[in-house]
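Novice: Pasting a structure here, questions to come.
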Amino acid sequence: MPQIPEKIQELTVGQLAARSGAAVSALHFYEAKGLISSRRTSGNQRRFGRDALRRVAFVRAAQRVGIPLATIREALAELPEGRTPTRDDWARLSESWRSELDERIKQLNRLRDHLTDCIGCGCLSLDTCVLSNPDDAFGERRAGSRLMVEHREPTNHRQRPSRPRDRDTECCD
């Protein structure tokens, strides 16, 4: 990892990328989303304060555990005067994110457990299928897939008028 002398207080986007491990495009994205900020030189080049290293590390750590960027941005916006997050900030925020992560883990476990129910069924509309169609209203009336065909009026004079069809067209009983 390249070392940047202490006397340099601002980093180019390339230096920030090299030190943080984030791609330049990711840094541009983070800046566009308000997660980090830079100033522009007279030549319109970005310059980031050294504190951007900690902010990028904070963002990447939060992303790795599944926190959405919008939530990360809200957390950073709550810091006084846009300061860099501290260890205490991370501890406080990670505690508040814990219940959200626990709920996501429960959802993923449920999805994983139901995945075997769908393997090989083919129709993707069984009464027990909670993956493909969890609110299957037609499944209460009949088993098998349903295709909703709406009666549409022709949009131009070259099309033939369609015949009215049964709204519950069977496709694979």
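The values are calculated or read from the model by the stated rules, or taken from the named source; none is laboratory data. Note that the coordinates shown come from a computational prediction; the quantities given were computed from them, not determined experimentally. Backbone-built Cβ (ideal geometry, glycine too); neighbour counts: all protein chains shown. Remember, those area values only see protein heavy atoms, side chains included, never the ligands or the DNA or RNA. Shrake-Rupley method; radii C 1.70, N 1.55, O 1.52, S 1.80 Å.
Novice: Could you look through region 21-36, keep only residues that are assigned to a helix (DSSP H, G or I) and touching a strand residue (DSSP E or B) at 6+ places or on another chain (Cβ under 9 Å), and pick out the one that is most open to solvent (accessible area, probe 1.4 Å)?
Specialist: This residue is H28.
Novice: Right, here's the next one. List the residue pairs whose Cβ atoms are under 6 Å apart, where the first residue sits in region 87-113 and is at pLDDT 85 or above, the second is open to solvent by less than 80 Å² (accessible area, probe 1.4 Å), and the two are 6 or more positions apart or on different chains.
Specialist: Here the result reads L93/A75; W97/I67, each pair linking region 87-113 to a residue that is open to solvent by less than 80 Å² (accessible area, probe 1.4 Å).
Novice: Return the total of residues in region 14-37 being without any contact (Cβ under 8 Å) to a residue 40 or more places away in the chain and touching a Gly at 6+ places or on another chain (Cβ under 8 Å). Explain how you work it out, then say what you get.
Specialist: First, the residues of region 14-37 that are without any contact (Cβ under 8 Å) to a residue 40 or more places away in the chain: 14-15, 17-19, 21-32, 36.
Keeping just the survivors that are touching a Gly at 6+ places or on another chain (Cβ under 8 Å) gives 24.
Qualifying residue count for the region: 1.
Novice: Does I67 qualify as being closer than 24 Å to I105 by Cβ, hydrophobic (A, V, I, L, M, F, W, C) and in a helix (DSSP H, G or I)?
Specialist: So I67 fails the test.
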